[in-house]
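> A single structure is presented below for examination.
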Amino acid sequence: MTVVSAPDQGVIRGVGLGPLTKPWRSIQLHDIVGGPGQTAVRLVKDPDPENTVAVDGLLTEDLAADSAPVGRAQGTYMTGSMRRPVFVVSVTLLLAVGPYNGSTLVVAGRDDTSEPVRELAVVSWTGLLWRAEGHVLWSTAKVESPLHAVLVPVPRPTSTNWQPF
């Protein structure tokens, strides 16, 4: 996923920090709903295999699950539509290395997995990311199995209607 606040920056800004540097510009979330290395568990057992899921997913620098970890994504997602593969997401990104160790971003929104790129809002923050603003763009890079999906960075838009208040 790529965390951005404005098209010319391509990064989250924290008060007095200026742009954040790698690895926070792009991090990968590994969502494994069962099997070896499980990072998510279904909370409701019914015919819809993904209707309510608690996630404690690994955040890494690169696409491979064994690349350097940078934190965890902890929260829930649940089916939000009866007609499309849409999830309602509420997840906290806990950064665990470098100067942002212990800082968090809370991300929430609608994740229509039939779309190549999805946008979710940064709705809260802690630590050095205090007063961060922006949104998260994410895309499913690969589905390693029916139980393991990897969300990855997406190119930031070259133009947008974003305007400061």
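> Work out, step by step, the length gained on full extension between residue 114 and residue 141: first 0.36 nm times the residue separation, then minus their alpha carbon distance; give nm to one decimal.
Roughly 8.4 nm would be gained on extension.
> For 139, 114, 81, what's the fewest-to-most ordering of other Cβ within 10 Å of each Cβ?
Listed from fewest to most nearby Cβ atoms, that is 114, 81, 139.
> Using label points projected 7 Å from each Cα along Cα→Cβ, tell me how many nm separate residue 45 and residue 124, to one decimal.
Going from the residue 45 label point to the residue 124 one covers 3.1 nm.
Values quoted throughout were computed directly from the atomic coordinates according to the rules given, and no laboratory measurement underlies them. Every value quoted in this text rests on a predicted model; they were computed, and no experiment measured them. Quick reminder, even Gly has a Cβ in these numbers, built from the backbone with ideal geometry, and neighbours come from all protein chains shown.
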